[in-house]
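Here is the structure we will look at.
Only the coordinates and a few stated rules stand behind these numbers; no lab work does. Treat the numbers as computed from the prediction; the structure is a model and nothing was measured. Counting neighbours? That spans all protein chains shown, and the Cβs are built from the backbone with ideal geometry, glycine included.
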Amino acid sequence: MKNLTIAIDGHASTGKSSIAKELAVKYGYIYINSGSMYRAVTLFAIENNLLKLTKTNINLFIDKLKEISINFKFNDNSLISEIYLNSRNIENEIGGMHVSKLVSEIAAIPEIRKEMVKIQRTIDRGKGVVMDGRDIGSVVFPDADLKLFLTASDSVRAKRRFEEMVKNGLEVSYEDILYNIKNRDLLDSTRSDSPLIIEKDAVVIDNSHMSINDQIDKISKLIKDKFSN
Ligand code: CDP
């Protein structure tokens, strides 16, 4: 079987990264979480007091982007490519609510999207790649071999994210998370540049009542049916 490009898009907190990671491990592909890149830019904006700039002078903010270098390094323990902002590992930091609350506004800025997509497309797809995000099947890799769109009910998604954050020692409330994921879905689906849409050739998976294993089984079957000779 040839090495595939798999695009996973979908609503906030639908477990896209867990599925992407499992698939990448199973097939020996590279996994890139594109959301972590928008989160990295947001963290940079918070730390450099740029949030006001985004409203008043977008060009100054864009200029500052030149100071950012975003890299991924594979961690043999977590089995994922962790994200580095200017050589600092920020994989854990970017999951916090301070970033989640602002990321969709930053991600709506066309100049920022252009830079992120440029980096995403430099990935060597020859070894097979799984990338998750909001515009992977529509903009980043419209020629992806397999496009998946994940969704689930609001309450299931909020509960999962709440449990994950509490497990990671973060202080959060379920209500804040529920509001945040609904708000991000709205902003992500209604922005003018690269909105979250369901591509015509995407397979939609509502995983409200599916385990990660159920989903991997379903996707593996799709891959087998479609790509094994
Ligand atoms: O994991 P979760 O669903 O919470 O979101 P994420 O993948 O970490 O993405 C965080 C935010 O980045 C999204 O809500 C979008 O605003 C933005 N994003 C985007 O615009 N395009 C992408 N390809 C990936 C993320």
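Compare the peptides 130-138, 36-44, 23-31 by average per-residue count of other Cβ atoms within 10 angstrom and give them in order, highest first.
Those peptides, ordered most packed to least, come out 130-138, 36-44, 23-31.
Report the local net charge at Phe61: Lys and Arg +1, Asp and Glu -1, summed over other residues whose C-beta lies under 12 Å from its C-beta.
With Lys, Arg at +1 and Asp, Glu at -1, the neighbours total -1.
Between Ser192 and Asn3, what is the FRET efficiency for a Förster distance of 30 Å, r being their Cβ-Cβ separation, to the nearest 0.05?
After rounding to 0.05, the efficiency reads 0.30.
Classify the range 166-214 as rounded, prolate or oblate, taking a ≥ b ≥ c as the square roots of the eigenvalues of its Cα gyration tensor: rounded when a/c is under 1.5, otherwise prolate if a/b is larger than b/c and oblate if not.
Oblate shape, in that a/c is at least 1.5 and b/c is the bigger or equal ratio.
Please list the non-local residues whose amide H lies under 5 Å from the amide H of Thr5, H modeled 1.01 Å from N, same-chain partners needing a gap of 5 or more.
Amide H to amide H, under 5 Å and 5 or more residues apart or across chains, Thr5 pairs with Val129, Asp145, Leu146.
Restricting to the chain, what percent of DSSP beta bridges are antiparallel, rounded to 5?
If we restrict to bridges inside the chain, about 30 percent are antiparallel.
In the range 143-229, which trypsin sites (Lys or Arg not before Pro) are in a loop and have at most 11 other Cβ atoms within 10 Å, using DSSP for the loop call?
Lys200
Would you mind checking the range 85-120 for residues with the amide N under 18 Å from a putative spin-label position 7 Å along Cα→C-beta of Asp176?
Inside the label zone: 92-105.
Nothing charged except the Cβ atoms of Lys and Arg (+1) and of Asp and Glu (-1): what's the magnitude of the dipole of the chain about its Cα centre? Round to the nearest 20 debye.
That gives a dipole near 340 debye.
Defining a contact as two alpha carbons under 8 Å apart and six or more residues distant in sequence, what relative contact order in percent does the range 5-224 show?
Value for the range 5-224: 33 percent.
Please say if the chain is rounded, prolate or oblate, where rounded means a/c under 1.5 for a ≥ b ≥ c the square roots of the C-alpha gyration tensor eigenvalues, and otherwise the choice is prolate for a/b larger than b/c and oblate otherwise?
It is prolate, given that a/c is not under 1.5 and a/b is the larger ratio.
How far is it, in nm, from the label point at Glu105 to the one at Lys66 when both lie 7 Å from their Cα along the line to the Cβ?
The modelled label-to-label distance comes out at 2.6 nm.
Once both labels are modelled 7 Å past Cα along the beta-carbon direction, what's the Lys26-Glu93 spacing in nm?
Here the modelled spin labels are 3.4 nm apart.
With a point put 7 Å past each Cα toward its Cβ, work out how far Glu164 is from Asp206 in nm, to one decimal.
2.1 nm
Indicate the helices, whole DSSP H runs only, in the chain that combine a mean Kyte-Doolittle hydropathy of 0.5 or more with a Cα extent along their long axis of 30 angstrom or more.
none
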